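Working notes, beginning with the structure itself.
The values are calculated or read from the model by the stated rules, or taken from the named source; none is laboratory data. These numbers were taken from a predicted model, which means no experiment stands behind them. For neighbour counting, all protein chains shown are included, and Cβ atoms are generated from backbone atoms with ideal geometry for every residue, glycine included. In case anyone asks, the SASA skips ligands and DNA or RNA and just uses the protein heavy atoms, side chains included. Shrake-Rupley method; radii C 1.70, N 1.55, O 1.52, S 1.80 Å.
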Amino acid sequence: MQKRFLFFILIALISFMDANAKLPAPDMNTRFDQYKEHFVLDMWKVYPGWASSVGYHMYDSVLVVPDDASRAKELSFCKANLDSLKKFSIAGLSDANKIDYYLIENQLKYAEWGIKEEKAWEWNPASYNVSEGFANMLGNDYADINARLRSFYARMAYVEDYYAAAKKNIKNPTKEHTQLGMEQNSGGMSVFSEDLEEALKKSTLPDAEKAAIKDRAAQVISAIRRYSSWLGKFPHSSPRSFRLGKELYDKKFAFEIQSGYTAEQIYKKAIVHKNELHASMYDITKKLWPKYMAAKALPADKSVAIKQLIDVLSAKHTEPDSFQAAIEHQMPELVAFIKNKDLIYIDPSKPLVVRREPAYMAGVAGASISAPGPYDKNGNTYYNVGSLSGWDKDKAESYLREYNHYILQILNIHEAIPGHYTQLVYANQSPSIIKSIFGNNAMIEGWAVYGERMMLESGYDGDRGVNSTEASPEMWLMYYKWNLRSTCNTILDYSVHTRNMSKEDAMKLLVDEAFQQQAEAEGKWKRVSVTQVQLDCYFTGYTEIYDFREELKKKMGAKFSLKQFHEQFLSYGSAPVKYIKQLMLEKK
Ligand code: ZN
Ligand code: ZN
């Protein structure tokens, strides 16, 4: 007995020593946590404007002059940290740290690629604009107004050099980005006149200091004006195309989206999905036609038939005065339905605050989520709802038809529950400054878009109550129309930047195939001609999550639980879907 006991102790001791010799994982994770803290603090020195925008105000008085020296500094920061990362073995890190590792690595390589290969700093004049950073200093109440104005004053001292460096950088810009640069820079000048005047009125700084601020602001306005007029006179002898081209596009997609698929694979999936959506929409249209159109004959052209039915269904909508109330009313219904169907746990201690859109956001009507930044953990999460008061009748009617009875429900699923807001609550449970700074947009948007389909598949329909097992065909038709938007965003972005799609064909896609209004389609064309890849994030994230869920369902058979899938999926925070998938599969 005794001998055997001793043997066990020996075995235990040996395995204990062995574990120590390999440097156990907890130690590696502690070191990695320390590294991350340093990394972020160093990063804010290189990117002071970014720091201010996420609520870290140590470097508010600094504006980086975008010259060779600052690019060299950025590159050496990237290189030094890519070297530091190599000291950690990924296998020894916790799941949370593994993802942080990948996010940091991706960010550093993305930044290097931007400077050396994408070179938007040479061809995108709109990438130079000082007004937003200054506007945030006036508009956000993070410190005493006098302190903010002093930082504002110190920061203005860099503006002259800033635009001088911008002019030196710009070579062969695209016409579209030149135009945008003019518009946005001119639009931002009010920050240094009206907005600054307002702030000065609230401040108790001595008159001499106020006068110095105003003098310097006048110089800033003049520098912005000179930059805009320089852009206006740019000769454009052989302008670069606004189309990014396949080689750069593929790389940008890889850095920005961090998908398990290539850009081309996603494009092909989007085409297939669009055709499936059209087929389902036509089936519903045929079914609902007699109910809404009485004796009117079904048009021979399928798209025309679908469009006519959508037009009729869109007439069911709320009124301007009850728009916010309609949204507020739906929140508890969504929560009750999710609870009843056991779809995902929703923490009742973190209620969502629905509020009227604050003034500084006004103009961008609609609805959006405002989440507290990484340096403001205790802040509220708001659901901002645009007000339609003061809108003329036609504009309000067109808006309400767009966000009609059906689409408004889908919007609430997307923005709030179980979409962005629910995802945020989960993300905040495993706090990581890295994930809140480099959070993956395709996962964030993809989750919200996935949530729409998941809710409809589970039977959600505001008209049918918490026990509904099937959404109405009207609801499905509108959902398909809504889903066509993100699907066609991807088709549009890829086609325009890598396949030379003309504006005419783009309009056909958006108006005839995605049932958008002319004005919306025009706006989308403008957006796609000055951005690249961002429009892909909705469909890519959605497809990856949906495909992964179906794969897992097949694999696990009867053991698969939707609730468990959702909760585990969200527990990794705002990480790229491919890494969540990898970690979840390791655990199966
Ligand atoms: Zn109406
Ligand atoms: Zn969204």
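Structure summary
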{"item": "Meets criteria (open to solvent by less than 60 Å² (accessible area, probe 1.4 Å) and in contact (Cβ under 8 Å) with a residue 60 or more places away in the chain) for Ser370", "result": "no"}
{"item": "Candidate set from the stretch 513-533 (those that are part of a helix (DSSP H, G or I) and modelled with pLDDT of 95 or more); member that is surrounded by the fewest Cβ atoms within 10 Å (Cβ to Cβ)", "result": "Trp525"}
{"item": "Selection status of Ala72, under 25 Å from Leu248 (Cα atoms), of a type in the set (A, V, I, L, M) and open to solvent by 50 Å² or more (accessible area, probe 1.4 Å)", "result": "yes"}
{"item": "Residue within the stretch 571-586 that is away from ligand 1 (no atom under 16 Å from the Cβ) and more than 25 Å from the chain's Cα centre (by Cα) present", "result": "yes"}
{"item": "Neighbours by Cβ (under 8 Å, 6+ apart or cross-chain): first from the stretch 288-307, more than 17 Å from Met475 (Cα to Cα) and open to solvent by 30 Å² or more (accessible area, probe 1.4 Å); second of a type in the set (Val, Ile, Thr) and part of a helix (DSSP H, G or I)", "result": "Leu298/Thr285; Lys302/Thr285"}
{"item": "Among the candidates Ser61, Ser76, residue that is closer than 20 Å to Arg148 by Cβ and among the polar types (S, T, N, Q)", "result": "Ser61"}
{"item": "Sole exception among (1) in a loop (DSSP other than H, G, I, E, B); (2) within 28 Å of the chain's Cα centre (by Cα); (3) loosely packed, with under 14 Cβ neighbours inside 10 Å for Lys171, by number", "result": "(2)"}
{"item": "Candidates Ile444, Ile434 - the one that is more than 16 Å from ligand 1 (Cβ to nearest atom), open to solvent by 30 Å² or more (accessible area, probe 1.4 Å) and part of a helix (DSSP H, G or I)", "result": "Ile444"}
{"item": "Test: residue in the stretch 468-491 that is within 30 Å of Glu37 (Cβ to Cβ), part of a helix (DSSP H, G or I), within 16 Å of ligand 2 (Cβ to nearest atom) and polar (S, T, N, Q)", "result": "no"}
{"item": "Filter pass, Trp476 being open to solvent by 40 Å² or more (accessible area, probe 1.4 Å) and of a type in the set (Phe, Trp, Tyr)", "result": "yes"}
{"item": "Contacts under 6 angstrom Cβ, first residue in the stretch 308-325 being open to solvent by less than 30 Å² (accessible area, probe 1.4 Å), partner within 13 Å of ligand 1 (Cβ to nearest atom), 6 or more apart", "result": "Ser314/Arg401; Ser314/Asn404; Phe323/Leu388"}
{"item": "Unique match (being open to solvent by 20 Å² or more (accessible area, probe 1.4 Å), within 24 Å of the chain's Cα centre (by Cα) and either more than 26 Å from Gln179 (Cα to Cα) or in the same structural domain as Ile213 (by TED's automatic domain parsing) (or both)) among Asn136, Asn97", "result": "Asn136"}
{"item": "Residue satisfying condition, being at pLDDT 90 or above and either assigned by TED's automatic domain parsing to the domain that holds Tyr546 or of a type in the set (Asp, Glu) (or both), within set Leu408, Leu388", "result": "Leu408"}
{"item": "Looking only at the stretch 422-431, and only at residues there that are part of a helix (DSSP H, G or I) and open to solvent by 10 Å² or more (accessible area, probe 1.4 Å), the one that is nearest to ligand 2 (Cβ to nearest atom)", "result": "Leu424"}
{"item": "Lys116 vs. criteria out of contact with any helix residue (DSSP H, G or I) (no Cβ under 7 Å at 6 or more places or on another chain), closer than 26 Å to Gln532 by Cα and open to solvent by 20 Å² or more (accessible area, probe 1.4 Å)", "result": "yes"}
{"item": "Test: Leu334 is crowded, with 19+ Cβ neighbours inside 10 Å, in contact (Cβ under 8 Å) with a residue 12 or more places away in the chain, touching an Asp or Glu at 6+ places or on another chain (Cβ under 7 Å) and not assigned by TED's automatic domain parsing to the domain that holds Glu132", "result": "no"}
{"item": "Selected residue (only one of His414, His420 is over 21 Å from Ile99 (Cβ atoms) and either within 16 Å of ligand 1 (Cβ to nearest atom) or outside the structural domain of Tyr102 (by TED's automatic domain parsing) (or both))", "result": "His414"}
